[in-house]
Amino acid sequence: MPGFIFYNRKITASTTIKDNLLHEQMSFSEMFAERHTLNKYLADKLFFQNDRYMVILDGVILNKNVLCKKFKQDWANTFILLYEKYGVNTPSELSGGFCGLF
């Protein structure tokens, strides 16, 4: 079943694919997350961490290409730049149906 989970139980990062469902896990500092998502629209979805952020975004982002072109970055870096510019109002800059965790 698709969805994501955020918790404080220690896990090891991993990625597996079973049928059309992608399962990934990651940890960031003392935080842990995993997602189960359909392979459809993976280019719109984010599941990554860098030295400052853990990002999970699931859904379809209709204006992703316009935003990436505007910031001249890939989707992950564009999202980070959006957050650094708009903060908690970042979701209002995205068009489409989505949910996430930052």
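The values are calculated or read from the model by the stated rules, or taken from the named source; none is laboratory data. Here the structure is a predicted model, which means the values were calculated and not measured. Every residue, glycine among them, receives a Cβ derived from its backbone with ideal geometry; neighbour counts consider all protein chains shown. When the accessible area is computed, the model is the full protein with side chains, heavy atoms only, and any ligands, DNA or RNA have been set aside. Shrake-Rupley method; radii C 1.70, N 1.55, O 1.52, S 1.80 Å.
Can you figure out the FRET efficiency of F48 with E84, using R₀ = 22 Å and their beta-carbon distance, to the nearest 0.05? Walk me through the numbers before you get to the answer.
Working: r = 16 Å, r/R0 = 0.71.
The formula returns an efficiency of 0.90 here.
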Legend entry - Rounded tilt (10° steps) of 75-86 against the dominant C-alpha axis of the chain: 60
Legend entry - the chain: relative contact order in percent, alpha carbon pairs under 8 Å with at least 6 residues between: 21
Inset, instruction - Have a look at S27, N39, T15 and report the one farthest towards the positive end of the charge dipole of the range 15-72, computed about the Cα centre with Cβ charges (Lys/Arg +1, Asp/Glu -1). - result: N39
Inset, instruction - For the range 1-80, report the accessible area per residue in Å² (1.4 Å probe, heavy atoms, rounded to an integer). - result: 63
Legend entry - Portion, in percent, of the accessible area of the chain that falls on carbon or sulfur, probe 1.4 Å: 54
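With charges only on Cβ, +1 for K and R and -1 for D and E, what is the dipole size of the chain about its Cα centre, in debye, rounded to 20? Can you show the working numbers first?
Working: 12 positive and 10 negative charges, 36 e Å.
Its charge dipole is roughly 180 debye.
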